[in-house]
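Participant: Here it is: the structure, laid out below.
The values are calculated or read from the model by the stated rules, or taken from the named source; none is laboratory data. Quick caveat: nothing in here was measured; it's all calculated off a predicted structure. In this analysis, Cβ positions are derived from the backbone assuming ideal geometry, glycine residues included, and neighbour counts consider all displayed protein chains. These area figures cover heavy atoms from the full protein model, side chains too; ligands, DNA and RNA do not enter into them. Shrake-Rupley method; radii C 1.70, N 1.55, O 1.52, S 1.80 Å.
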Amino acid sequence: MTEPIIKIDAISKSFGNFQVLDGLSMQVMPREKLALIGPSGSGKTTILRILMTLERIDAGHIAIEGEQLYHMPKNGGLVAADERHLTKMRQKIGMVFQLFNLFPHMSVIDNVTLAPMLTKGVARAAAEKRAMELLDMVGMSEKAKAMPAQLSGGQKQRVAIARALALQPKIMLFDEVTSALDPELVEEVLNVLWKLCAETDMTMLLVTHEMGFAHDFADRVLFFDRGKIVEEGKPDEMFSNPKQERTQTFLRKIIAAGHRV
Amino acid sequence: MTEPIIKIDAISKSFGNFQVLDGLSMQVMPREKLALIGPSGSGKTTILRILMTLERIDAGHIAIEGEQLYHMPKNGGLVAADERHLTKMRQKIGMVFQLFNLFPHMSVIDNVTLAPMLTKGVARAAAEKRAMELLDMVGMSEKAKAMPAQLSGGQKQRVAIARALALQPKIMLFDEVTSALDPELVEEVLNVLWKLCAETDMTMLLVTHEMGFAHDFADRVLFFDRGKIVEEGKPDEMFSNPKQERTQTFLRKIIAAGHRV
Amino acid sequence: MTDWSGYLSLILQGAVVTVQLTVMGSALALVMAFVAGLGRLSRFAGLRWLATAYIEFFRGTSIFVQLFFAYFVLPFAGISLTPLQAGVLALGLNVGAYAAEVVRGAILSIGKEQYEACIALNLSRWQCMRRIIVPQALLVMLPTFGNNAIELLKATSVVSLISLADMTFQANIVRSQTGNTLFPFATILILYFAFAMIITFSIRALERRMARGLDGVRN
Amino acid sequence: QDNAKLEQLKAQGFARVAIANEPPYTAVGADGKVSGAAPDVAREVFKRLGVPDIVASISEYGAMIPGLQAGRHDVVTAGLFMKPERCAAVVYSEPVLCDAEALLVKKGNPKGFKSYADFAKDGATVGAPGGGTEEKLALDAGVPRAQVIVVPDGQSGLKMVQDGRIDAYSLPVLSINDLMKKAADENLEVIAPVEGAPVYCDGAAFKKGDEALRDAFNVELAKMKESGEFAKIIEPYGFSAAAAMSTTTAKLCAPAQ
Amino acid sequence: MEWDWNFVWQIMPTLIEGVKITILATLLGSVLAAVVGLGIALGRRSPNRILARGIGFVAEFIRGTPLLVQLYFIFYVLPDIGILLSPLVAGVIGLGLHYGTYTAEVYRAGIDNVPRGQWEAAKACNLSARQTWTRVILPQAIPPMIPALANYFIAMFKETPLLSAITVLELMNQAKSVANTYYRYIEPITLVGAFFLAISLVAVVLLRWLEHRYGRVER
Ligand SMILES: Nc1ncnc2c1ncn2[C@@H]1O[C@H](COP(=O)(O)OP(=O)(O)OP(=O)(O)O)[C@@H](O)[C@H]1O
Ligand SMILES: Nc1ncnc2c1ncn2[C@@H]1O[C@H](COP(=O)(O)OP(=O)(O)OP(=O)(O)O)[C@@H](O)[C@H]1O
Ligand SMILES: [Mg+2]
Ligand SMILES: [Mg+2]
């Protein structure tokens, strides 16, 4: 049996005295495409941020490919990870932010080529070639020379996706990456992700509130509420036949409103 | 016959030598709920920004309730409006931004009460009462004391909606105001907007890429592409039986993907 | 009749000294500003300490004392600097300490989300600083750097203490030798202003160049 | 004791002297050339000692003694009047330039000042250079601190008298005369000498340890005084050679009365 | 010379008088500079072109020329047109105007760095220009600028000795005068150094606290 690539073990996280996560455990298998859904404020973004090491955890353990993320072995025991260890671990992970976080002082193409050139030593020409391919996939090659401030919301989001993909990390975290996109583009982004999955062996975690997208994209769906996993399962099962009361209420309204799930 | 509340007459707008709008004309009737849809980068946000007087137009005229927005009468002719005129006209218009633009140095409740207290002279107690009602409607009353940086994406968006509604302008502009919300909340926001429409005589313009939302919400839908109105009509007609080729392509993928429109 | 052209050339000789001091002092100050400003933000407590000590010492004691020290006390320690060297050293270190705080403030003003984007792209701390944070912070620093350079320009007038004949000094000589206040003071006023305008316009031009394309972010 | 310092000066061909920016002690021509009573005397003495030239740098009073000690210049010839404490910090030659005190007042001396003590009486104000002899003399004469205004330079003092900000401005006689000459203001008047104020003299000041050089300087200075050449140099500037020759460094450096 | 504690106690009252004047001049000057700076920064953004240009030119001129010369002008030249100011008033005006042109640049940088979205949100909330400034822009612009502003207040404090040029009896002037009265330099000058360093350090600690308290706005 294959080992899980991400193993989250009883982690907790509070902001001040607001407890967001309380003893959460979950596992993700290599090449799995996992969708996290759940109401606003339930802690979905927080989980991705923790995996990206943007927040520290208060308790618990996380292992990536069997290696501890927030801890490292020292003198036989486990101690808190230092910056060096985190940097090493981060090589395996990439993230697309809900609010894009593009570098405002660089053109679109420079945003995409920067990281491959700096962290992987890819030559400029090769990096630009690859960047143009990615921009083309998301329909943004025309705006390669534009600055982020000159882009519309959806255009920014597509650049952010291309930027993260350029690094080809093993694990990719997407935070509501289709929020600014119209259905036509959602479709296209979905195709891009599928293509990448086929080409590489990326594992993907995706936070979304578009049930249709979650359904089409994911191998498995986790439904969150108040920092706890309420239910999980294959998209078809989950959406057509939710078991938990909370999931039913969440999905009922959507179905009632005629949304396809 | 009633006069249109917004009358856009042959306006043009370029950024540098990129022409976004070219001779666009359209009208909105009082109390109408209009949805603007179209592919990313087609100029939807730009139109709202122009109505909110955040961008200047290069040519054309806009009248709000029969009064010129970007021009004012002087010595018998029409001249470019000065800041004073714009400030006066802005009283009729409110906007919710795609990226929220909350005031980061103020708590949630202060964000919502600021404008009514300053621009309408509402007393603090009254403003806070109303703000709490609105926050309650969008499910944010618990976070009234929180700062924007402590909110999740969807929470920010709901505060932004409450802030704009607190002013009760005649015309309300929404830019992808449900992008960070899960379907459950979209539903709720829709209810809030309907309630407001029933209570007041607000006119609403809404940019969205959620066809379902557009369908449920709007009296009329405009389909944009490259800064031009390609097609317009009642939602039922438009979504079930689009006439233009471009609209058909846009909607076909969505329908093919099984989305309800 | 007083020979004004002769006295004018005296003041112009002083102006050359003033310009030399300003240019070289600014260069040193710029280096110190980044070294100490980044030092204060370092992860290493030792570096932070050193940078803080440098900044607080040079901000806390006056330029007069520092100049005096560089020129009259260092010779006792066997380091004999020429007046120009001593002047550049004292001015550069002094203004560098102020500018270091500007560097620090500007870097802290860059939003958290930019650091997060760096982490998500796995850039090292150094790469993030150099490619993402500093280029954006530079724009915040520039106007204040312009201020600092102008302050340095004007602070050069204290170097008369170590017998460097700068512009103000020459003007004072002309003033007491001729008994005329208006001529020398008006002359140096115009010269100082002209130099300051050169600094201001270069900084503005730089700012405009760097702000290109950022117009949607900045106002 | 051989005179190593002098040999060194001879070898390099010039001596570095510090001078002040105060006419007529120092004069700077429009061409930047330094003259004036003090440098002229020093130049002549050094020529006789076999050092062909002097290089003068204009310096602030506060920086002269530290500069001497740090070896930045070899001698100070600047109207740095001898005072017991200064004599302890440097070694002085025999007296060179002597001067009495004067007051600059409005035409007709409306308040009738004669001595520093007069300012104590009816709340009048007197201006003087900060840290100068005049300030100390006024304070010693019982003038309250608040009525002794520290003025940065001669031109400023003159202007303050003109504007009525102070009732009188005090400087050595020759300095005031020079100011008056340049200002050419008919509404002002000079009162000199101030009653009860002593006469002060300066000398060439050397670094401690350079006594041999100072002694050699004194020998040549004495010869010039005797031959009348000394008077020929300083009297055109308005200084009195007789005053310098009537007193000695030993007397002027003696601790206060 | 020996350090003489009796002498120290003897001159202390005089020096304390000087410290009082120095602190008074700095405080009044800082307040004036803070206000003048804001006035200039806002004035330069005025939609009235002529006003904006005029304020800009005057500010650049004051900023580009030495404080000393300006003090001379206020104190010695203004009487010619009938304005006779007391030394302290002239000094505070000089400091306030001069440093106001610096703080104006700091304000400008801070204002420029408030994201455009904030201006737009203010418009969408229909705030007036004045309300936008006082409630939205300045509260975000000023806190990050506190370190840079603090720099200037400390610098101003250390430049107060220049006021001796217009006969203000501040600390340095008092010290020189007692030094001369008693022919003892070590004690007064050392005490002045100690006073300056101590007051700057207290100010620095205070301002650090301020910066910590108000310095950052999370976006
Ligand atoms: N820095 C912070 N300080 C305090 N509370 C915070 C902070 N960041 C997040 N929170 C709180 O933690 C909770 C979870 O936030 P998170 O961003 O993970 O939600 P989410 O599931 O991504 O929601 P959404 O779908 O609205 O984006 C929210 O209630 C939020 O208010
Ligand atoms: N400041 C600017 N400078 C240059 N081009 C701009 C600027 N702002 C917008 N544009 C361009 O104008 C076009 C229309 O932008 P707009 O934001 O109106 O699109 P939109 O329809 O709202 O798209 P989306 O659905 O992606 O938000 C885009 O192609 C964009 O690149
Ligand atoms: Mg989120
Ligand atoms: Mg948009």
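Participant: Name the pairs whose Cβ atoms lie under 6 Å apart, with the first residue in region A:12-23 and in contact (Cβ under 8 Å) with a residue 40 or more places away in the chain, the second polar (S, T, N, Q), and 6 or more positions between them or separate chains?
Facilitator: Close Cβ pairs satisfying both conditions: A:V20/A:T46; A:L21/A:S12; A:D22/A:S12.
Participant: Here is a further query. Could you check how many residues of region B:119-139 are away from chain A (no Cβ under 13 Å) and either among the charged types (D, E, K, R) or within 16 Å of ligand 3 (Cβ to nearest atom) (or both)?
Facilitator: Going through region B:119-139 one residue at a time, the tally reaches 7.
Participant: So, one more: From the list C:L152, C:L191, which one is out of contact with any Asp or Glu (no Cβ under 8 Å at 6 or more places or on another chain), more than 7 Å from chain D (Cβ to nearest Cβ), open to solvent by less than 20 Å² (accessible area, probe 1.4 Å) and touching a residue at least 12 places away in the same chain (Cβ under 8 Å)?
Facilitator: C:L152
Participant: Also, I was wondering about something else. Before we move on, is A:P73 within 13 Å of chain C (Cβ to nearest Cβ) and either away from ligand 3 (no atom under 16 Å from the Cβ) or in contact with a Gly (Cβ under 6 Å, 6 or more places away or on another chain) (or both)?
Facilitator: So A:P73 fails the test.
Participant: Now, a different point. Among the numbered conditions (1) more than 14 Å from chain B (Cβ to nearest Cβ); (2) within 16 Å of ligand 3 (Cβ to nearest atom), tell me where A:G38 comes up short.
Facilitator: The failed condition is (1).
Participant: Tally the residues that are outside any helix (DSSP H, G or I), surrounded by 13 or more Cβ atoms within 10 Å (Cβ to Cβ) and not hydrophobic (A, V, I, L, M, F, W, C), restricting the search to region D:222-244.
Facilitator: The qualifying residues number 2.
Participant: Here's a follow-up. Between a residue in region E:148-172 that is away from chain D (no Cβ under 14 Å) and within 25 Å of D:R145 (Cβ to Cβ) and any residue that is outside any helix (DSSP H, G or I) and open to solvent by less than 10 Å² (accessible area, probe 1.4 Å), which pairs come within a Cβ distance under 7 Å, given they are 6 or more apart or on different chains?
Facilitator: E:T160/E:E170
Participant: Every residue in region E:46-75 that is free of Cβ contacts under 8 Å to residues at least 24 places away in the same chain and within 11 Å of chain C (Cβ to nearest Cβ), please.
Facilitator: Of everything in region E:46-75, those that are free of Cβ contacts under 8 Å to residues at least 24 places away in the same chain and within 11 Å of chain C (Cβ to nearest Cβ) turn out to be E:G56, E:F57, E:F61, E:G64, E:T65, E:P66, E:V69, E:F73.
Participant: Pick from region E:121-131 the residues that are open to solvent by 20 Å² or more (accessible area, probe 1.4 Å) and part of a helix (DSSP H, G or I): which of them is farthest from the other protein chains (Cβ to nearest Cβ)?
Facilitator: Residue satisfying both the conditions and the ranking: E:R130.
Participant: For region C:85-107, what are the residues that are away from chain E (no Cβ under 14 Å) and farther than 18 Å from C:A149 by Cβ?
Facilitator: Residues satisfying the conditions are C:Q85, C:A86.
Participant: Additional query: Please work out if A:A180 is closer than 29 Å to A:K13 by Cβ, surrounded by 21 or more Cβ atoms within 10 Å (Cβ to Cβ) and within 16 Å of ligand 4 (Cβ to nearest atom).
Facilitator: For A:A180, the condition - closer than 29 Å to A:K13 by Cβ, surrounded by 21 or more Cβ atoms within 10 Å (Cβ to Cβ) and within 16 Å of ligand 4 (Cβ to nearest atom) - is met.
Participant: Still on this structure, please answer the following. Does region C:109-130 contain any residue that is away from chain A (no Cβ under 14 Å), at pLDDT 80 or above and out of contact with any His (no Cβ under 6 Å at 6 or more places or on another chain)?
Facilitator: no
Participant: Somewhere in region B:55-69, is a residue within 9 Å of ligand 2 (Cβ to nearest atom) and either in contact (Cβ under 8 Å) with a residue 60 or more places away in the chain or part of a loop (DSSP other than H, G, I, E, B) (or both)?
Facilitator: Yes; the residues of region B:55-69 include at least one that is within 9 Å of ligand 2 (Cβ to nearest atom) and either in contact (Cβ under 8 Å) with a residue 60 or more places away in the chain or part of a loop (DSSP other than H, G, I, E, B) (or both).
Participant: Against the conditions (1) surrounded by fewer than 18 Cβ atoms within 10 Å (Cβ to Cβ); (2) within 14 Å of chain A (Cβ to nearest Cβ); (3) of a type outside the set (A, V, I, L, M), where does B:G43 fall short? Just the number, please.
Facilitator: (1)
Participant: Need at least 2 residues that are within 14 Å of ligand 1 (Cβ to nearest atom) and more than 8 Å from every other protein chain (Cβ to nearest Cβ) per element, so show me which helices (runs of 4 or more DSSP H) inside region B:140-258 make the cut, counting only ones lying wholly within it.
Facilitator: Because the criterion is at least 2 residues that are within 14 Å of ligand 1 (Cβ to nearest atom) and more than 8 Å from every other protein chain (Cβ to nearest Cβ), the helices (runs of 4 or more DSSP H) in region B:140-258 that meet it are B:153-166, B:183-199.
Participant: If we keep just the residues of region D:22-56 that are surrounded by fewer than 15 Cβ atoms within 10 Å (Cβ to Cβ) and among the basic types (K, R), which is nearest to C:V174 (Cα to Cα)?
Facilitator: D:K33
Participant: Shifting gears a bit: Under the condition of being open to solvent by less than 60 Å² (accessible area, probe 1.4 Å) and outside any helix (DSSP H, G or I), which residue from region C:1-43 is farthest from C:T144 (Cα to Cα)?
Facilitator: The residue in question is C:T2.
Participant: Still on this structure, please answer the following. Please indicate, with yes or no, whether at least one residue in region C:183-205 is within 30 Å of B:L54 (Cα to Cα) and in contact with a Phe, Trp or Tyr (Cβ under 9 Å, 6 or more places away or on another chain).
Facilitator: yes
Participant: Further question on the same structure: Answer with yes or no whether B:L185 is farther than 26 Å from B:S42 by Cα, open to solvent by 10 Å² or more (accessible area, probe 1.4 Å) and either at pLDDT 90 or above or away from ligand 4 (no atom under 16 Å from the Cβ) (or both).
Facilitator: Against the criterion (farther than 26 Å from B:S42 by Cα, open to solvent by 10 Å² or more (accessible area, probe 1.4 Å) and either at pLDDT 90 or above or away from ligand 4 (no atom under 16 Å from the Cβ) (or both)), B:L185 qualifies.
Participant: Ok, one more. Return the residues of region D:245-257 that are loosely packed, with under 14 Cβ neighbours inside 10 Å and in a helix (DSSP H, G or I); say none if nothing qualifies.
Facilitator: D:A250, D:K251
Participant: Just wondering, is there one or more residues in region B:85-96 that are over 19 Å from the mean Cα position of the chain (by Cα) and either more than 14 Å from chain A (Cβ to nearest Cβ) or more than 16 Å from ligand 3 (Cβ to nearest atom) (or both)?
Facilitator: Yes, there is a match, as at least one residue in region B:85-96 is over 19 Å from the mean Cα position of the chain (by Cα) and either more than 14 Å from chain A (Cβ to nearest Cβ) or more than 16 Å from ligand 3 (Cβ to nearest atom) (or both).
Participant: Let me ask something else about it. Just name the residue that is modelled with the lowest pLDDT out of those in region E:1-55 that are assigned to a loop (DSSP other than H, G, I, E, B) and acidic (D, E).
Facilitator: Among those that are assigned to a loop (DSSP other than H, G, I, E, B) and acidic (D, E), it is E:E2.
Participant: Are any of the residues in region A:12-25 under 13 Å from the mean Cα position of the chain (by Cα) and away from ligand 2 (no atom under 16 Å from the Cβ)?
Facilitator: No: zero hits.
The rows are residues; the columns are (1) open to solvent by 20 Å² or more (accessible area, probe 1.4 Å); (2) of a type outside the set (S, T, Y); (3) in a helix (DSSP H, G or I); (4) at pLDDT 85 or above.
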position: E:G117; (1), (2), (3), (4): no, yes, yes, no
position: E:W133; (1), (2), (3), (4): yes, yes, yes, yes
position: E:L163; (1), (2), (3), (4): no, yes, yes, yes
position: E:A175; (1), (2), (3), (4): no, yes, yes, no
position: E:A179; (1), (2), (3), (4): no, yes, yes, no
position: E:F195; (1), (2), (3), (4): yes, yes, yes, yes
position: E:L201; (1), (2), (3), (4): yes, yes, yes, no
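Participant: Next up: Across region A:10-32, what is the number of residues that are more than 16 Å from ligand 3 (Cβ to nearest atom) and open to solvent by 30 Å² or more (accessible area, probe 1.4 Å)?
Facilitator: 12
Participant: Give region B:30-76 a look and list any residue that's within 16 Å of ligand 4 (Cβ to nearest atom) and among the acidic types (D, E), or say none.
Facilitator: Residue satisfying the conditions is B:E55 alone.
Participant: Return the pair list, or none, for Cβ contacts closer than 6 Å from residues in region B:72-99 that are at pLDDT 85 or above to residues that are among the acidic types (D, E), at least 6 apart or on different chains.
Facilitator: As it stands, the answer is B:F97/B:D175, since those pairs meet every condition given.
Participant: So is E:P144 open to solvent by 10 Å² or more (accessible area, probe 1.4 Å), more than 10 Å from chain B (Cβ to nearest Cβ) and at pLDDT below 90 or not?
Facilitator: Criteria met by E:P144.
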